[in-house]
Amino acid sequence: MDNDVEWLESMSEGALWATPYQLREMFVTFLNSCFVSRPKNLWENSWRSMSEDILYKRQRILNHANLELDDDTLEQYMLIEVEKLMRTR
């Protein structure tokens, strides 16, 4: 598939019902098992929905309920989470 519409739509639909962790698993599955012609585009359209639990996790780990993360920092934490999943597959 040369335009990744199927993967983009799957991630968008998944965001309606899946947990952020499940979305990350789906993303990694697409990268590892499907032909994603433009992975960066898929990432840019999906990382926010995959990261919805990251702020809460960081607040809990750091015991800082008022912690805020800017988009760049949040995206970096997301990359770490995706990398962890990729290493286990």
(request) Could you grab me the full set of residues in the stretch 51-89 that are within 13 Å of E25 (Cα to Cα), open to solvent by 50 Å² or more (accessible area, probe 1.4 Å) and either touching a residue at least 40 places away in the same chain (Cβ under 8 Å) or aromatic (F, W, Y) (or both)? (result) M86, R89
(request) Scan the stretch 11-24 for residues that are of a type outside the set (A, V, I, L, M, F, W, C) and either modelled with pLDDT under 95 or buried (at least 18 other Cβ atoms within 10 Å of the Cβ) (or both) and report the count. (result) 3
(request) Kindly indicate whether V82 is assigned to a helix (DSSP H, G or I) and of a type in the set (V, I, T). (result) yes
(request) Would you tally the residues in the stretch 32-67 being outside any helix (DSSP H, G or I) and in contact with a Leu (Cβ under 8 Å, 6 or more places away or on another chain)? (result) 3
(request) May I ask you to list the residues in the stretch 30-50 that are without any contact (Cβ under 8 Å) to a residue 24 or more places away in the chain and hydroxyl-bearing (S, T, Y)? (result) S33
(request) Scan the stretch 23-71 residue by residue and report those that are under 26 Å from R89 (Cα atoms) and of a type in the set (D, E). (result) E25, E44, E52, D53
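The values are calculated or read from the model by the stated rules, or taken from the named source; none is laboratory data. As the structure is a computational prediction, the values presented were derived from the model and not from experiment. A quick note on method: Cβ atoms are made from the backbone with ideal geometry, for glycine too, and the neighbour counts reach across all protein chains shown. SASA here: full protein model, heavy atoms, side chains in, ligands and nucleic acids out. Shrake-Rupley method; radii C 1.70, N 1.55, O 1.52, S 1.80 Å.
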